[in-house]
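Heads up, the thing below is written out as structure tokens.
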Amino acid sequence: MQTFERPKIEYTGISKTIAEIAVVVAKIAGPILRRLAWFVFFGVIIFGCAFVWAVGRFVNPLVPWIVRDIIVVAGGLGFVSLVAMVGIWGERKVSGHIQSRLGPMRTGGWHGWLQSLADGLKFVQKEDLIPASADQPLFRLAPYIALVPVICAYVVIPFGASWVFRDRDVSLLFVLAMLGIEVLGVILGGWASNSKWSLYGAMREACQLVSYEIPMGLSLLVPVMAVGSISLVQMGKAQSGGWFNWLMFQNPFLFFAFFTYYIASLASCKRAPFDLPEGESELVAGFHTEYSGFRFVMFFFAEYAAMFAVSAIATIVFLGGWNSPVGDATSGPLWFVAKGMFLVWVQMWIRWTLPRIRIDQVMHACVKYLLPFTMILFVGSSVWQLYGSQFIFYTRFILGGLGLVMVGLFLAGAGYGYVNRGRLVGRLARKHLPGA
Amino acid sequence: MKEIEIHAQPDLLHEGEIASDIRTEELLVNMGPQHPSTHGVLRVVLVTDGELILKATPHIGYLHRCAEKIAENVSYRQYTPYTDRMDYLAAMNNNLGFALAVEKMGGIEVPERAQYLRVIFAELNRIASHLVAVGSYGLDMGAFTPFLYCFREREWIVDLFESVCGARLTYSYITIGGVREDIPEGFVSQCKEFLDFFEPKIREYNDLLSYNHIFINRTGNVGVCPADMAIGYGLTGPCLRGSGVKWDLRKNTPYCKYDEFDFDVPVGDGRFGAVGDCWDRYFVRVMEMTQSVRIVRQALERLSDGPVSAKVPRMLKLPAGEIYFEVENPRGQLGFYIVSEGGNSPYRLKVRGPSFCNLSVLEGLAKNCLLADIAAMIGSLDVVMGEVDR
């Protein structure tokens, strides 16, 4: 049997000190952490709750606004990077487990949690390559135009009643506008690459996103009309007090509007089955065929940040935002992130299950089915609000029960999969990685 | 086939003064030789009008290795490994085709046990090859997961092959006069275990991919090849049967004890569109896997003791003359045409590769379709470039 030895790396100077400290810390903390994994898990949650509560109660009113803004901007940027990195790692793990593989298992120890950092480091080290015939300024500009608006969208997204950087009256419109600008970056990138495949990807993206913005906006108008405000904070505040107060369960039209919004948001994030702009079996890699290194990472980051952004809107507008399913809780932001991450996970689930739609079918689905349906929802919801007020009280429990049944079915399926994971995992994984 | 009209140049363009300097023309796109969905080094030159394909011309020859010329310089027994490299996903069947051609010419009698072993391994390899075809067709359609499920099952077959002959891709197991060596102990039970595991999995693929609404929309009514067109272009194998022609050499001109087995020849019935569309060609492969499982089960039962190889001299000399012999490969009919002058090696060896003939229909199919349909058509023809170029 062949064995490969890793070359020994000689550390000197300060890196030697760091490496020694890291080894000592890992020796002591590693076994403890492993033994107390569950305590650490719940401890982090409890500590997070306490931190969230303390910041809202004591710190926020005291510090001057400029300091607070700087901290929030840094925290926001950190959060976006964290979301993207967790998303990339999660995508690989989710796809692995769906495909009876394990996904990354080595980098960083526990289930390869450092994998996306390692990926990022690899990309940063790569050669900065621009094709000779590319349009240099546009080629350099495009990734920024794709990434910056997505991060801007996080400015108005409320993580809790008081956890929002800028509470504006038009925050929902602002998020949609920022997500709409992302298209420009992709078109620029595809055009500037001067590659035919990139151009195809960019044109597909343009036609797909412009069409799906309409059903997306229409299905968001339904809850907007129900609340009477397009401020995300107002919408979140209107849904406190338990899961049956969430906007999704207020009337049947809102219930379906959630699903139409979710489908349209899949298309606007270029997620499968609408991933035509980068469909690898047709267009090699679509609009980022010619991109490599850090510029590619920016497109990648933008995609995952946008995934969480559209899920965050769905969470605030339909799923009660930061409100917990049972009464009020102080840990609002954690509930918010948990719901958003769940929706991101569903996006991944769909991606690794369904084949890709053809471009004409994408347009048919939008113009022939989704658009008329959302219009009906819009009209129906307004009629309901005019005449259906006496049913509302009972409707929310019926629809809420339906939602609970769906969650229950999902949990049952997940539990079945977990119990039978030994049967579902591949023979090879069992043979080569026992106990995984 | 869904008619997509090609709009002529609007006359308005030529009227206005401003528009007079606007000129539109078709976009020429090179798909391949390095492209994810061309299954190797196929190059297709596409004439496109936006997303619409006006013409697609396949260009081949990037993997040419002079496999036929080499045969003139090596002895018959030395040539078996070269047949592995033609259709590298179905090396057992290639070995079988060459061995049968040489045996028929030299009048070599093959022992009974070897004949059943040949059937077992040819059919197992057919399953493995169809698994790759089905899985990578899902990949062409953008469904990544079925691909890995199929490769998970194929891995087991490859493990079985490894336990028999030590190789995982290029087996050279079926040689002239029989098979190279006997199966190891416990192989029969392992093989049965695999078949019991594999048969229900086919239903899983159908649930996940074959009957998926999106998948049907992508493949039904796309790339329709009617029966007369299929025969005219010389299609064979699943591509021909997908067009509704019931022609299978294992049934029509049985070789190697195939006449003893009870199995069906599935044909495309146009369930989700016209007969001979991509979905039919795909689904014929899925159904053939079930039939192969049936054949392997019967062959395992009939396996009797005895020698596994006839006595064949190391330097085999064939009598002067010529012979053409065809076998049913996973991709179609693989034919070997051997001209001998009575020496150690053939005077000329010509191979009829099924992928080569199947690929020729691409130009006829890919007219007025969308860009994404090209991937669907190439995938449904299931070409292996190693065999197209030889």
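Name the long-range amide H neighbours of B:Cys369: under 5 Å, sequence gap of 5 or more, or other chain; modelled H, no Pro or chain starts.
B:Ile53
Please report, in cubic angstrom per residue, the volume enclosed by the convex hull of the alpha-carbon atoms of the stretch A:128-404.
117 Å³
Choose one answer from B:Leu28, B:Leu365, B:Leu139: the residue with the largest mean-square fluctuation in a GNM of chain B with alpha-carbon springs under 10 Å.
Comparing B:Leu28, B:Leu365, B:Leu139 in a Gaussian network model of chain B, the most mobile one is B:Leu28.
When the convex hull of the C-alpha atoms of the stretch B:159-315 is computed, what volume per residue in Å³ does it have?
156 Å³
Using a Förster distance of 45 angstrom, determine the FRET efficiency expected from the C-beta separation of A:Ile46 and B:Asp207, and round it to 0.05.
Between A:Ile46 and B:Asp207 the formula returns 0.60.
What does the charge dipole of the protein assembly as shown about its Cα centre add up to, to the nearest 20 debye, if the Cβ of each Lys and Arg holds +1 and the Cβ of each Asp and Glu holds -1?
Rounded to the nearest 20 debye, it is 2460 debye.
How large is the convex hull of the Cα atoms of the protein assembly as shown per residue, expressed in Å³ as a whole number?
226 Å³
Sorted from largest down, give the three principal axis spans of the alpha carbons of the stretch A:21-125, whole angstrom values.
50, 33, 32 Å, listed from the longest principal axis down.
Given the pairs B:Lys69/B:Lys104; A:Lys27/A:Lys339; A:Lys196/B:Lys367; A:Lys270/B:Lys55; A:Lys270/B:Lys201, which span a C-alpha to C-alpha distance of over 24 angstrom in this model?
As for pairs spanning more than 24 Å Cα to Cα, those are A:Lys27/A:Lys339; A:Lys270/B:Lys55; A:Lys270/B:Lys201.
Report the gain in length on full extension from A:Leu409 to A:Tyr394: 0.36 nm times residue separation, minus Cα-Cα distance, nm rounded to one decimal.
3.1 nm
Which of these, A:Val94, A:Val379, A:Val222, has the largest mean-square fluctuation under a Gaussian network model of chain A (Cα springs below 10 Å)?
A:Val379
When only DSSP loop residues count, what GluC sites (Glu not before Pro) in the stretch B:167-242 have their Cβ near at most 14 other Cβ atoms within 10 Å?
Listed in order of number, the matching sites are B:Glu181, B:Glu185.
Residues of the stretch B:359-390 with accessible area at least 30 Å² lower in the all-protein-chain context than alone (1.4 Å probe)?
B:Leu370, B:Leu371, B:Ala372
Using 0.36 nm times the number of residues separating A:Val24 and A:Leu386, minus their current alpha carbon distance, what extension gain do you get?
Stretched out fully, the A:Val24 to A:Leu386 stretch lengthens by 123.5 nm.
When only DSSP loop residues count, what GluC sites (Glu not before Pro) in the stretch B:41-119 have their Cβ near at most 16 other Cβ atoms within 10 Å?
The qualifying sites are B:Glu72, B:Glu109.
So, for the stretch B:67-353, what is the accessible surface per residue at a probe of 1.4 Å, expressed in square angstrom?
35 Å²
Taking only Cα atoms of the stretch B:67-353, what ratio of Rg to Rh do you get with Rh as the Kirkwood inverse-distance radius?
0.98
Report which residues of the stretch A:277-292 become buried by 20 Å² or more of accessible surface when going from the isolated chain to the complete set of protein chains (1.4 Å probe; DNA, RNA and ligands ignored).
A:Glu280, A:Ser281, A:Glu282, A:Val284
Using a basic spin-label model with each label point 7 Å from the Cα along Cα→Cβ, how many nm lie between B:Lys251 and A:Leu184?
Taking the simple label geometry, B:Lys251 and A:Leu184 are separated by 6.3 nm.
Is there a simple number for the mean count of other chain Cβ atoms within 10 Å of the Cβ of residues in A:97-105, and what is it?
Mean partner-chain Cβ count within 10 Å for A:97-105: 2.
Exactly which trypsin sites (Lys or Arg not before Pro) in the stretch B:128-226 are in a DSSP loop and have at most 15 other Cβ atoms within 10 Å?
Passing sites in the stretch B:128-226 are B:Arg168.
Tell me, what is the FRET efficiency for B:Glu162 and B:Gln78 to the nearest 0.05, using R0 = 22 angstrom and their Cβ-Cβ distance as r?
0.45
Can you compute 3J(HN,Hα) from phi for each residue in the stretch B:272-287, using the Karplus curve 6.51 cos²θ - 1.76 cosθ + 1.60 with θ = phi - 60°, rounded to whole Hz and x for Gly and Pro?
10, x, 6, 5, x, 8, 4, 5, 5, 4, 5, 6, 4, 5, 4, 5
Could you grab the relative contact order for chain B? Cα pairs under 8 Å, six or more apart, rounded to a whole percent.
Answer for chain B is 26 percent.
For chain B, which whole percent of the accessible surface, found with a 1.4 angstrom probe, sits on carbon and sulfur atoms?
Roughly 53 percent of what the probe reaches on chain B is carbon or sulfur.
Does the stretch B:212-269 come out rounded, prolate or oblate by the C-alpha gyration tensor, with a ≥ b ≥ c the root eigenvalues, rounded set by a/c under 1.5 and, if not, prolate when a/b is larger than b/c and oblate if not?
Oblate is the answer for the stretch B:212-269, as a/c is 1.5 or above yet b/c matches or exceeds a/b.
So what's the gap between the Cα centers of the stretch A:232-303 and the stretch B:81-144, to the nearest angstrom?
46 Å
Provide the packing ranking of B:252-258, A:19-25, i.e. peptides ordered by the mean count of other C-beta atoms within 10 Å per residue, highest first.
Order by mean packing, descending: B:252-258, A:19-25.
Per the Kirkwood treatment, what hydrodynamic radius in Å, one decimal, follows for the stretch A:236-298 from the mean inverse distance over all distinct Cα pairs?
Kirkwood radius, the stretch A:236-298: 14.6 Å.
Within the stretch B:370-387, name every residue whose backbone N is under 20 Å away from a label modeled 7 Å from Cα of B:Gln34 along the Cβ vector.
The answer is B:385-386.
At a 1.4 Å probe, what is the % contribution of carbon and sulfur to the accessible area of chain A?
Carbon-and-sulfur percentage of accessible area, whole number: 72.
What average count of beta carbons from other chains do you get within 10 Å of the Cβ of residues in A:186-199?
For peptide A:186-199, the averaged partner shielding equals 1.
Can you give me the accessible area per residue for the stretch A:128-404, using a 1.4 Å probe, in Å²?
37 Å²
Can you tell which of B:Val119, B:Gln291, B:Phe198 lies farthest toward the positive end of the dipole of the stretch B:67-353, using +1 and -1 charges on the Cβ of basic and acidic side chains (Lys, Arg; Asp, Glu)?
It is B:Val119, whose Cα lies furthest towards the positive end.
So what is the 222 nm mean residue ellipticity for the protein assembly as shown from helices alone, if each DSSP H run of at least 4 adds -39500 (n - 2.57) and you divide by all residues, rounding to the nearest 500 deg cm²/dmol?
-18500 deg cm²/dmol
Give the A-B buried accessible area in Å², both sides summed, 1.4 Å probe, nearest 100.
That pair of chains buries around 2900 Å² in total.
Out of residues 5 or more away from B:Phe261 or on other chains, whose amide H comes under 5 Å of its own, with H placed 1.01 Å from N in the peptide plane?
none
In whole Hz, with x marking every Gly and Pro, tabulate ³J(HN,Hα) for the stretch A:114-127 from phi via Karplus 6.51 cos²θ - 1.76 cosθ + 1.60, θ = phi - 60°.
Residue by residue, the stretch A:114-127 yields 8, 4, 6, 5, 4, 4, x, 4, 4, 5, 5, 6, 6, 5 Hz.
Only four residue types carry charge here, +1 at the Cβ of Lys and Arg and -1 at the Cβ of Asp and Glu. Report the dipole size of the stretch A:21-125 about the Cα centre in Debye, rounded to the nearest 20.
380 debye
What is the Cα centroid distance between the stretch B:234-263 and the stretch A:103-148, reported in whole angstrom?
First find each Cα centre; the distance between them is then 51 Å.
To the nearest 0.05, what FRET efficiency results for A:His364 and B:Glu341 with a Förster distance of 41 Å applied to their C-beta separation?
0.05
What does the charge count around B:Gln333 come to, taking other residues whose C-beta lies under 11 Å from its C-beta (Lys +1, Arg +1, Asp -1, Glu -1)?
Taking every other residue near B:Gln333 into account, the sum is 0.
Pull up all non-local amide H partners of B:Gly273: gap of 5 or more, or a different chain, and H-to-H distance under 5 Å with H placed in the peptide plane.
Result for B:Gly273 returns nothing.
To the nearest Å, what is the center-to-center distance of the stretch B:185-204 and the stretch B:346-390, using C-alpha atoms only?
The distance from the Cα centre of the stretch B:185-204 to that of the stretch B:346-390 comes to 32 Å.
Excluding ligands, DNA and RNA, what is the solvent-accessible area per residue of the stretch A:21-125 at a probe of 1.4 Å, expressed in Å²?
That works out to 68 Å² per residue.
Projected area of the stretch B:73-152, taken from the Cα convex hull and averaged over every viewing direction, in nm²?
The directionally averaged projection comes out at 6.6 nm².
Count charges around A:Trp197 for me, please; just the other residues with Cβ under 15 Å from its Cβ, Lys/Arg as +1, Asp/Glu as -1.
Local net charge: -4.
The values are calculated or read from the model by the stated rules, or taken from the named source; none is laboratory data. Just so you know, these numbers come straight off a predicted model, no measurement behind them. Don't worry about glycine lacking a Cβ; one is built from the backbone with ideal geometry, like all the others, and counts go over all protein chains shown. Note: areas computed on protein heavy atoms with side chains; ligands, DNA, RNA excluded. Shrake-Rupley method; radii C 1.70, N 1.55, O 1.52, S 1.80 Å.
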